[in-house]
1. Which one of these does Ala249 not meet: (1) under 30 Å from Ile438 (Cβ atoms); (2) modelled with pLDDT of 95 or more; (3) touching a helix residue (DSSP H, G or I) at 6+ places or on another chain (Cβ under 8 Å)?
2. Tally up the residues in segment 393-403 that are assigned to a loop (DSSP other than H, G, I, E, B) and either out of contact with any Lys or Arg (no Cβ under 8 Å at 6 or more places or on another chain) or surrounded by 24 or more Cβ atoms within 10 Å (Cβ to Cβ) (or both), please.
3. For segment 563-591, how many residues are polar (S, T, N, Q) and part of a loop (DSSP other than H, G, I, E, B)?
4. How many of the residues in segment 100-127 are buried (at least 20 other Cβ atoms within 10 Å of the Cβ) and not in a loop (DSSP other than H, G, I, E, B)?
5. Output the residues belonging to segment 535-562 that are of a type in the set (S, T, N, Q), assigned to a strand (DSSP E or B) and buried (at least 24 other Cβ atoms within 10 Å of the Cβ).
6. Of everything in segment 304-319 that's in contact (Cβ under 8 Å) with a residue 60 or more places away in the chain and surrounded by 19 or more Cβ atoms within 10 Å (Cβ to Cβ), which residue is nearest to Arg378 (Cα to Cα)?
7. Within segment 356-370, is even one residue at pLDDT 95 or above and closer than 20 Å to Tyr584 by Cβ?
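The values are calculated or read from the model by the stated rules, or taken from the named source; none is laboratory data. Keep in mind it's a predicted model, so treat the numbers as computed, not measured. Backbone-built Cβ (ideal geometry, glycine too); neighbour counts: all protein chains shown.
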Amino acid sequence: MKNSHQPSAISFRQQLAISNQQSAISKRVNLNEGKHPIKNTSLLTAERVSEKPDLIVTQAACGLAGQCYSTDNHSSDSQYHVYAFFVVFAISMLSVSMTLNAATFVDATNEAGLRFQHSSGTRSSLLPEDMGSGAGFADIDNDGDIDLYIVNIPGPFTQDGEGHKGNANALYRNNGDGTFTDITHTAGVGHQGYGMGCVFADYDGDADLDLYLTNYGENVLYRNNGDTTFSDVTEAAGVGCELWSTGAAFADVDGDTDLDLYVCNYVIYDLEQLEQMKEESLQSGKPVPSALNPHVFEPQDNVFYRNNGDGTFTDATDETGIAAGGGRSMQAVFSDFDNDNDLDLYVANDTTTNHIYRNDGGGAFTDVSAESWAADFRGSMGLTAGDYDADGDIDLFMSHWVDEENALYRNLLKEDVGTEQIRFVDESYTSLLAEESIKQIGWGTTLFDYDNDGDLDIFVTNGSTFQELRRPEVLIPQPDMLFRNNGDETFSNVSQEAGIAALPLRVGRGAAFGDYDNDGDVDIFIVNNHAPPTLLRNEGGNRNNWVYVKLVGTGANRDAIGAKIRVKTADQTQIREIYAGESYMSSNSLVAEFGVGNATQIETLQVTWQNGKTQKLHNVPTNQRIHITQE
């Protein structure tokens, strides 16, 4: 069952959010330092029409006989009566200007040289082939740009558990000029299996990024040899996990500086039962073939591997109590939700209650799911974390199945809730995100600042799990969505103006995020099920200023997974954490990316390492990449 909301409550919350949004916009608008307020209008927004600082046009709904006041710097004491037809003209010009100046995305897949096909052959309507796959951005050769790994499934899933030995996973090295070269064969990472996800992390502390793959079947750990080749060390490391694994995440949960591994597992997909599953079943009240309904199958426990510090791992699931039993897990993320300098764990589950575990220090966890108010019971798919409301604590966003609105959980750590427990509140309706997502099935996602204005926006790639009526071998494609943070704890769907809505409809699954062309804004890579992928190049976020931070940790945690970075400018303070594993079965760039709007200088840049020690930089110029080594 999914969470229910009373219609009256929804209406009230939406009206309240809209009212708050208009109020916040009104407060932000300050024309000529408030000398000429806009009177007798219903204020919508105010924007500059051009790069020239001496012209401001105010968009307002004035009515036929209404009055609007506009100012410019040449005649600051003048007031102008603007009638309706002038307002219409101003609005039209403003719309054109906003379109020209907006951050937009373009499909750069072919231009970048990515020749990849997810799966091949005719879909056989069995669950494993509809689930995948993910991707990862990572700088595997330490040359300063991020390379790309794409997970694949070989072809139709057959009842003996074997697919066509066709398509393999692929590794593309970034050439540094906006293009990629396929080095799968020479790198030795062309795994052919029922691929689900991937995550990059330096598990052995030798200063290069290794690769962990999740599969329907045995998982794979590739050790980076430091020369752009990899070796399969799965058996020696002891992390094969021969279940149906989905998402995975690395983090140092016990403070010993090496990276431990958490593996999400899905269901026991009993192939011997498939012959008896010809009839349809119900999933959230919708008829689906039983072989495609995860609720028909028993869930699998997740697995936690503790890093022994010698290249091997020990299964410590029972010891830590974080199996998320009964979960049908999709993705997990490690984050310091209570700001105590150790990493807690959130697990997103499909058709089951989500779990959140508080790290009590030294890798001992307590299940605080129930009291967290974030034990969501929906079909969770993708998962990401970040401080979307800029209040200094980490919030959560997760994508969901159809008729189940995506969830935005605001962390109440900075609120007076009368307790020191980890607590969240679902703001999906007050943030204006809920209704936008109700018709879609969301997968890969992240909180990121696509337009570099200083707050975290949201991207979700969508794709149905329902078959087309006339072509049951084909899943129904859906549009991807981009939501801009309005800066007042609400979001606006900007898919149209950002170019997302112009993309061909696909069946999206995994998504990875990072600045592949090193131009100062974050790009998006999407894995489309049974189709070529999509590389979205960001073409406008870099018109605002930015700063990127790459951390170098001491000890085995070379990429400082779990560290926290705080950037303070004259107008705002932002935080980022470094994650290895998020989105949907995917892995984002390990560089912390900050947009800072018009700021030209960072007043304070503070790094809080996982051991609690801090380092500070002052008066840092923007529009540069900074490497900070732990002292």
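1. Only one criterion in (1) under 30 Å from Ile438 (Cβ atoms); (2) modelled with pLDDT of 95 or more; (3) touching a helix residue (DSSP H, G or I) at 6+ places or on another chain (Cβ under 8 Å) is unmet by Ala249, namely (3).
2. The first filter runs over segment 393-403 and keeps only residues assigned to a loop (DSSP other than H, G, I, E, B), leaving 393-394, 401-403.
Right, trim to either out of contact with any Lys or Arg (no Cβ under 8 Å at 6 or more places or on another chain) or surrounded by 24 or more Cβ atoms within 10 Å (Cβ to Cβ) (or both) and you get 394.
Within segment 393-403, residues that are assigned to a loop (DSSP other than H, G, I, E, B) and either out of contact with any Lys or Arg (no Cβ under 8 Å at 6 or more places or on another chain) or surrounded by 24 or more Cβ atoms within 10 Å (Cβ to Cβ) (or both) number 1.
3. Pass one, segment 563-591, residues polar (S, T, N, Q): 569, 572-574, 583, 586-589.
Still in the running and part of a loop (DSSP other than H, G, I, E, B): 569, 572, 588-589.
Residues in segment 563-591 being polar (S, T, N, Q) and part of a loop (DSSP other than H, G, I, E, B): 4 in total.
4. Final tally of qualifying residues: 2.
5. Keep residues of segment 535-562 that are of a type in the set (S, T, N, Q), which gives 538, 542, 544-545, 554, 557.
Next cut, assigned to a strand (DSSP E or B) only: 538, 545.
Across segment 535-562, the qualifying residue is only Asn538.
6. We begin by selecting, within segment 304-319, every residue in contact (Cβ under 8 Å) with a residue 60 or more places away in the chain; these are 305, 307, 309, 311-315.
If we keep only those that are surrounded by 19 or more Cβ atoms within 10 Å (Cβ to Cβ) too, we end up with 305, 307, 313.
Working: Tyr305: 27, Asn307: 32, Phe313: 33 Å.
Looking at the filtered set, the residue picked out is Tyr305.
7. The answer is yes; a qualifying residue exists.
Residue-wise test of (1) in contact with a Ser or Thr (Cβ under 8 Å, 6 or more places away or on another chain); (2) charged (D, E, K, R).
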| site | (1), (2) |
| --- | --- |
| Ser369 | yes, no |
| Ala374 | no, no |
| Phe377 | yes, no |
| Thr384 | yes, no |
| Ala390 | yes, no |
| Phe397 | yes, no |
| Glu405 | yes, yes |
| Asn411 | no, no |
